[in-house]
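Undergrad: Structure in structure tokens, see below.
The values are calculated or read from the model by the stated rules, or taken from the named source; none is laboratory data. Everything quoted here is computed from the prediction, not taken from an experiment. Methodologically, a virtual Cβ is constructed for each residue, glycine included, from the backbone with ideal geometry; neighbour enumeration extends over all protein chains shown.
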Amino acid sequence: MALSIEDIKKIAHLARIQVSESEASATLTKLTGIMALIEQMQAVDTQGITPMSHSQDVVQRLREDVVSKTNQREAFQKVAPVLGNGSSEQAVDGGLYLVPKVIE
Amino acid sequence: MINSSLKALGQMLAKKEVSSVELTQTFLNRIDALNPQINAYIALDKDKTLAQAKAADVRIAAGNAAPLTGIPIAQKDIFCANGWKTTCGSKMLANFVAPYDAHVISQFDAAGAVNLGKTNMDEFAMGSSNETSYFGGVKNPWDFTRVPGGSSGGSAAAVAARLCAAATGTDTGGSIRQPASLCGFTGLKPTYGVVSRYGMIAFASSLDQAGPMAKSAEDCALMMNVMAGFDERDSTSLQREKEDYTRDLDKPLHGLRVGLPKEFFAEGLDANVGKVVETAIAEYKKLGAEIVEVSLPNTGLSIPVYYVLAPAEASSNLSRYDGVRYGHRTAEYDDLMEMYCKSRAEGFGAEVKRRILIGTYVLSAGYYDAYYLKAQQIRRLIAQDFAEAFKHCDVIMGPAAPSTAFKAGEKVDDPVAMYLQDIYTISTNLAGLPGMSIPAGFSASSDGKALPVGLQIIGNYFDEARMLNVAHQYQQVTDWHTRMPEGLA
């Protein structure tokens, strides 16, 4: 199926990546080439073949339901991004991350 | 000293012929002299490095040395190392200082090895030439106009130019083996699940595997003894007994059955690379190996399958970079959606964005069966091809890369041409098998440069010790692995 410029914009939105008009058309060309490569798969008859998601046939391990991690909030928040919009402070306040208001 | 094996360096340290501080300083001096041109390292922290070397000297003096104690190792910048800038080659993480250690880093720390610095790589390990790195390309030490391969290009150049005693890499579709081939050293991608992925920045989690990049098979075996082992923090780490990967190095190869997949010697392979590989295989015959032809009929499909599965997994893994808790956040934004979309547009490079978009597309509503499910089904066919081949042979051999190192800039605008670099390596990742590349000779480029060629050795699951034996025996009767680029002394 041929990709359109609208598809690129839709996928980019789903992926939360801003694309300009010129980027979208350049991306379309590249992705069309890659999808043509991927389409080679369609020639293979895969009826009845069990999909392989992982190379080893293992089950997930279980562990005791006990506390295993200590609180490392300070260490982790040291790498918080800069807030932006004119502020060069880190985007944290009182142990919370600062983001634009999402609930009125 | 810079050409010494890890074993020899260990002996020199034990006999106090050199201290770890002196050894480390020797490599740091080489890095100062050569890295501005080669760009193999993107983060150095000499104080931390030398502190580790001093601690190693204390440990050696106390008689508690392990085999790699005091030995300077370069770490691919995909491994989180506490207090070290860890960028994964991306603007997204350009200011990220890791708050914890990857399992691989803790293993080297526990062994008393010295972290020399973090090496350059394709952004989020997506690339085969190191040219997608936000921190610039890496020069191939054999010819500065050419790429070192990728994604572990910085580690590759560091090993080849002797800017470290050995290095770590990761391999999702060939990122240890293809650069090992292009830069002329020994690199091993272990069986999936043998080395913990904890703290290794995720690209495609069902394929990512860390491994050693070093001058010889023996060095790789010593590195594996440190890197491999069960880790409960990685849900796919395999619970197995600890192995000594050096145990079989000296075994004779008489009776070894070497399978040659006819698909690895078909159209697309550079004729001169093919000749070098055939000469290496003739050497194996002399060592007593028996050559059998095998077939991996779905080899050609491994690239389309990979470019569905790896981007699909990447699109999910990289969704964590949202500008909220760490990583790049855009400077100006009005609402949350704009903050996400701009932060990601600015933080990711073109190739990473392409792969996220492909992954998002193949996983989007209505396309799952046609792409993702189909790719997983063909993945099983590829794994079955190997299972069938291993009924007739002990190891599989062939080229690791279809050509020698190519010119910088040659393939950057043609993603599909770049992807074909991994035609001989990707299928082992899909199957989860171990693979390695060892130096097998040189091929003259059109402009007269001698460029290294790698021989790939693929083993059955958990057969790393045998593969290292197979490589080591070849390295006892050849000297390709001892060659070093001229002009870098």
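Undergrad: Looking at region B:437-467, which of its residues are more than 20 Å from B:ASN3 (Cβ to Cβ) and either over 20 Å from the mean Cα position of the chain (by Cα) or part of a helix (DSSP H, G or I) (or both)?
TA: Passing the criteria: B:SER443, B:ALA444, B:SER445, B:SER446, B:ASP447, B:GLY448, B:LYS449, B:GLU464, B:ALA465, B:ARG466, B:MET467.
Undergrad: Still on this structure: Any idea how many residues of region B:355-381 are more than 8 Å from chain A (Cβ to nearest Cβ) and assigned to a loop (DSSP other than H, G, I, E, B)?
TA: 4
Undergrad: Hey, among B:ASP385, B:ASP335, which residue is crowded, with 21+ Cβ neighbours inside 10 Å and of a type in the set (Asp, Glu)?
TA: Details: B:ASP335 fails: crowded, with 21+ Cβ neighbours inside 10 Å.
From the options B:ASP385, B:ASP335, the qualifying one is B:ASP385.
Undergrad: With the requirement that a residue be more than 7 Å from chain B (Cβ to nearest Cβ) and surrounded by fewer than 16 Cβ atoms within 10 Å (Cβ to Cβ), what does region A:27-55 give you?
TA: Answer for region A:27-55, where residues must be more than 7 Å from chain B (Cβ to nearest Cβ) and surrounded by fewer than 16 Cβ atoms within 10 Å (Cβ to Cβ): A:THR29, A:THR32, A:ALA36, A:GLU39, A:GLN42, A:ALA43, A:ASP45, A:GLN47, A:GLY48.
Undergrad: In addition: Mind counting the residues in region B:389-436 that are farther than 13 Å from B:GLY149 by Cα, of a type outside the set (A, V, I, L, M, F, W, C) and assigned to a strand (DSSP E or B)?
TA: Selection size over region B:389-436: 3.
Rundown of residues vs (1) within 16 Å of B:ALA125 (Cα to Cα); (2) assigned to a helix (DSSP H, G or I), yes/no style:
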| residue | (1), (2) |
| --- | --- |
| B:GLY149 | yes, no |
| B:SER155 | yes, yes |
| B:ALA158 | no, yes |
| B:CYS164 | no, no |
| B:GLY169 | yes, no |
| B:THR172 | yes, no |
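Undergrad: Further, regarding this structure: Have a look at B:THR191, B:THR246, B:THR236 and point out the one that is more than 15 Å from the chain's Cα centre (by Cα), of a type in the set (Val, Ile, Thr) and within 14 Å of another protein chain (Cβ to nearest Cβ).
TA: B:THR236
Undergrad: Any chance region B:450-458 includes a residue that's polar (S, T, N, Q), crowded, with 20+ Cβ neighbours inside 10 Å and either at pLDDT 95 or above or more than 23 Å from B:THR279 (Cβ to Cβ) (or both)?
TA: yes
Undergrad: Quick one: count up the residues across region B:215-266 that are of a type in the set (Phe, Trp, Tyr) and part of a loop (DSSP other than H, G, I, E, B). Lay out the reasoning, then the answer.
TA: The first filter runs over region B:215-266 and keeps only residues of a type in the set (Phe, Trp, Tyr), leaving B:230, B:245, B:264-265.
Then drop every residue that is not part of a loop (DSSP other than H, G, I, E, B), which leaves B:230, B:245.
Residues in region B:215-266 being of a type in the set (Phe, Trp, Tyr) and part of a loop (DSSP other than H, G, I, E, B): 2 in total.
Undergrad: Which numbered condition trips up B:GLU263, out of (1) within 24 Å of the chain's Cα centre (by Cα); (2) touching a residue at least 40 places away in the same chain (Cβ under 8 Å)?
TA: If we test B:GLU263 against (1) within 24 Å of the chain's Cα centre (by Cα); (2) touching a residue at least 40 places away in the same chain (Cβ under 8 Å), just (2) comes out false.
Undergrad: If I ask for residues that are touching a Leu at 6+ places or on another chain (Cβ under 9 Å) and within 12 Å of B:LEU309 (Cα to Cα), which ones from region B:364-386 would you list?
TA: Scanning region B:364-386 gives B:TYR371, B:TYR372, B:ALA375, B:GLN376, B:ILE378, B:ARG379.
Undergrad: Determine whether region B:278-293 contains at least one residue that is under 15 Å from B:TYR424 (Cα atoms) and at pLDDT 95 or above.
TA: no
Undergrad: Now for a different question. Report the residue count in region B:442-470 for those that are closer than 30 Å to B:LYS242 by Cβ, in contact with an Asp or Glu (Cβ under 9 Å, 6 or more places away or on another chain) and among the hydrophobic types (A, V, I, L, M, F, W, C).
TA: Selection size over region B:442-470: 4.
Undergrad: Quick one: would you say B:VAL308 is in contact with a Lys or Arg (Cβ under 9 Å, 6 or more places away or on another chain) and away from every other protein chain (no Cβ under 14 Å)? Steps first, please.
TA: Numbers: in contact with a Lys or Arg (Cβ under 9 Å, 6 or more places away or on another chain): yes; away from every other protein chain (no Cβ under 14 Å): no.
When the stated conditions are applied, B:VAL308 does not pass them.
Undergrad: Then there is this: What number of residues within region A:56-104 satisfy the criterion of being at the interface with chain B (Cβ under 7 Å from one of its Cβ atoms), over 30 Å from B:GLU232 (Cβ atoms) and of a type outside the set (Val, Ile, Thr)?
TA: The number of residues fulfilling the criteria is 5.
Undergrad: Let me ask something additional. Are any of the residues in region B:42-60 more than 27 Å from B:ALA350 (Cβ to Cβ) and under 19 Å from the mean Cα position of the chain (by Cα)?
TA: Step one: list which residues in region B:42-60 are more than 27 Å from B:ALA350 (Cβ to Cβ), which gives B:44-60.
Still in the running and under 19 Å from the mean Cα position of the chain (by Cα): none.
No, region B:42-60 contains no residue that is more than 27 Å from B:ALA350 (Cβ to Cβ) and under 19 Å from the mean Cα position of the chain (by Cα).
Undergrad: Just checking, which of B:ASN317, B:ASN272, B:ASN298 is more than 14 Å from chain A (Cβ to nearest Cβ) and of a type outside the set (Ser, Thr, Tyr)?
TA: Sole residue among the options that is more than 14 Å from chain A (Cβ to nearest Cβ) and of a type outside the set (Ser, Thr, Tyr): B:ASN272.
Undergrad: Taking helices (runs of 4 or more DSSP H) that do not extend beyond region B:267-354, which have at least 1 residues that are among the basic types (Lys, Arg)?
TA: Fully inside region B:267-354 and qualifying: B:271-286, B:336-347.
Undergrad: Considering only region B:419-441, I want to know if a residue exists there that is more than 19 Å from B:ALA266 (Cβ to Cβ) and surrounded by fewer than 20 Cβ atoms within 10 Å (Cβ to Cβ).
TA: no
Undergrad: Related question: Considering A:LEU3, A:LEU83, A:LEU31, which residue is touching a residue at least 12 places away in the same chain (Cβ under 8 Å) and part of a strand (DSSP E or B)?
TA: Criteria check complete, one pass: A:LEU83.
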